[in-house]
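Colleague: Got a structure for you, questions after.
The values are calculated or read from the model by the stated rules, or taken from the named source; none is laboratory data. Because the structure is a prediction, the values reported are computed rather than measured. All Cβ positions, glycine included, derive from the backbone under ideal geometry; neighbour counts span all protein chains shown.
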Amino acid sequence: MREQIGRQVRLPMSRALQIAIQGIRIRLGRSLVTVSGVVLGIAFLMSNVAGQLISSSLAREKETRQIVTLMESLTQREVGSASGKILAVAVCGAMNRTEQLFLDRLDAMPFEAIRITGGRTKRGVSCTPQNVGAGAYLLVVLGQDAAAPHALGDLTRGMTRIGMLDAVESRTYAGQAPEGVKRDLLFGPETEQQMARMQEKAEQAKFRTIWVAVISLLVTIISISNALLMSVTERIREIGTMKCLGALSSFIRRLFLIESALVGFAGSVVGMLLGALIPILIYGWIFGFGLMFQELPYLRLTLSCAGCVVVGTVLSMTAAIYPANFAARMVPASALRSNV
Amino acid sequence: MAFNRELFFENADASARSGFVIRAVDVHKVYRMGDTEAHALRGATVDIIRGEYLSIMGPSGSGKSTLFNMIGGLDKPTEGKVYIDQVDIAQLDPYELAWLRCRKVGYIFQSYNLIQVMSCIENVMLPMAFAGLDGEESREKALHILDLVGLGGRALHKPSEMSGGQQQRVAIARALANSPDILLADEPTANLDLKTGEEIILLFRKLCNDLGVTVIAATHDLKMLKKSDRIMWIEDGMITQVTTPDQMNLHEEEVH
């Protein structure tokens, strides 16, 4: 004869897993709503993290470009409107990357003509040091040689206005300087101040993105929780039925936690991939893919990818705790009486 | 309908049993809704004999469903006690309660309560899974039970693809999955045609006679009432009458 009253055994995790997967597969449409919540939240988080990583690895390049922009604006201030004016460029020695980029920018400015010695640009007309200044409004001296091989008198001969911008402060010139030569530095104390201000703004932006990421994660948790509560309410009768068939409360709880873990994991992976892709594409397009892939901090990037997936999964499971408990504690009689 | 006894019931010995399988003693149930109280049961006392076929009749709102929940271990009374197999179910811990619902009692609900996302055979195999029965064995048994209720060919269909009567039969099959000692059925033949209804009643009768299963059915079906051992009337939360079918024939017109 069968025993009076026995004790229900706890079903193995594999069983709960099986039923959970089945449930998700059949309810795929509604699961997608929860999944997309996770995808968006994690994509946002990942894009911020990846963006920061890539941006800081390209910091040197960014700083260079910032300096070049400052040089450009200084030049524009000197020149006013570039149209109708001629630019003279003297290259003394090898140019560093900043100067090369600056030269490209000068090339793009709407000067009437560019006369250049010792270097090459798209528009520049090659000249000798003696006649490079003919008709020029402004002289720009680039190159890292501290001792210029040419005399200032030669370089400035024939200029309509004797104004010059020098890239190197300590540069000395052969011979005597002619009357009224106004020599300014392309990169001096004023530009240093501006650099500091730009740094500060970048710091503030960084703080803001962290704050926004935190808020977005909170929103993600709440939306997952909401979706799960809706799912539980929808399945009240199913849960009541399962309890009538002998399911333990712990089984029901485990079912919902597993479901949320699976959905959270899948959503996090997709979100992570999307979120990593966006800054890669953007920074690659701005700075050049070659440079970016060269500078990418691969280890830290991989770790943050893994970290984001973990965060997403943990978040989903955390959001599921209340709904899962709610489902587990239902009394079969009231669950089955419900009119949902 | 071949009845594979070995497969279906193990350790079943009808003759060795006697006594009351379920006793409800002065059971009260009060539902509190805001300020008002609803007394669903007002001191219902029921003694159910092991292996009998009991029908319960009562108008809507009489507390029939509430009584069902009590004697099936689905809910706890506000006052009074319910004993299943001489055990006070209010004293059971969650594990024992779950065992009770899984192995001892089979439930057939009026609204079937099948799991829509699973096929028929998966529905029948679910309680077996909770009982620890798995794989090929459980599949075989499930198919056999589905055959018993006449749905062998529809094992892989989902409930949404079946008629009400067919779903009801799946629900009956599911209730029988773990070979329960007690079968609680709420209007089991309501949506069945005459022939199928008779088959089901025959099945219940067989379970009672041959295997000592206690069948407790809430019903308005005359055919079922005629085949019962006893008929219990419930009205206004209390048991008003307990009769046998032959005593009842005089009131045939009042059944509806």
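Colleague: Return yes or no: is A:ILE215 touching a residue at least 40 places away in the same chain (Cβ under 8 Å) and either within 12 Å of chain B (Cβ to nearest Cβ) or in a helix (DSSP H, G or I) (or both)?
Modeller: no
Colleague: Read through the list (1) over 29 Å from B:THR244 (Cβ atoms); (2) without any contact (Cβ under 8 Å) to a residue 24 or more places away in the chain; (3) among the aliphatic types (A, V, I, L, M); (4) touching a strand residue (DSSP E or B) at 6+ places or on another chain (Cβ under 9 Å), then give the number of the only condition that B:MET33 fails.
Modeller: (4)
Colleague: Same structure again: Check B:ILE121 against each of (1) facing chain A (nearest Cβ under 10 Å); (2) within 18 Å of B:VAL170 (Cα to Cα) and name the one condition it does not meet.
Modeller: Single failed check for B:ILE121: (1).
Colleague: Quick test for you: out of A:ILE221, A:ILE210, pick the one residue that is in a helix (DSSP H, G or I), in contact (Cβ under 8 Å) with a residue 12 or more places away in the chain, in contact with a helix residue (DSSP H, G or I) (Cβ under 7 Å, 6 or more places away or on another chain) and over 17 Å from A:GLU99 (Cβ atoms).
Modeller: A:ILE221
Colleague: Let me ask something else. Of everything in region B:173-202 that's within 14 Å of another protein chain (Cβ to nearest Cβ) and assigned to a helix (DSSP H, G or I), which residue is nearest to B:VAL105 (Cα to Cα)?
Modeller: Across region B:173-202, the extreme among qualifying residues is B:ALA175.
Colleague: Going through B:ILE115, B:ILE84 one at a time, which residue ends up being more than 17 Å from the chain's Cα centre (by Cα) and at the interface with chain A (Cβ under 10 Å from one of its Cβ atoms)?
Modeller: Sole residue among the options that is more than 17 Å from the chain's Cα centre (by Cα) and at the interface with chain A (Cβ under 10 Å from one of its Cβ atoms): B:ILE115.
Colleague: To continue, here is another question. Scan region A:229-260 residue by residue and report those that are in a helix (DSSP H, G or I) and among the aliphatic types (A, V, I, L, M).
Modeller: A:LEU229, A:MET230, A:VAL232, A:ILE236, A:ILE239, A:MET242, A:ILE252, A:LEU255, A:LEU257, A:ILE258
Colleague: Go through (1) in contact (Cβ under 8 Å) with a residue 12 or more places away in the chain; (2) at the interface with another protein chain (Cβ under 8 Å from one of its Cβ atoms); (3) within 25 Å of B:ARG23 (Cα to Cα); (4) out of contact with any Leu (no Cβ under 6 Å at 6 or more places or on another chain) one by one and return the number of the condition B:PRO94 breaks.
Modeller: (1)
Colleague: Tell me the residue from A:SER36, A:SER56, A:SER83, A:SER73 that is in a helix (DSSP H, G or I), outside the structural domain of A:ALA319 (by TED's automatic domain parsing) and either surrounded by fewer than 19 Cβ atoms within 10 Å (Cβ to Cβ) or of a type in the set (D, E, K, R) (or both), please.
Modeller: Criteria check complete, one pass: A:SER73.
Colleague: Kindly check whether there is at least one residue in region A:327-338 that is in contact (Cβ under 8 Å) with a residue 12 or more places away in the chain and more than 14 Å from chain B (Cβ to nearest Cβ).
Modeller: yes
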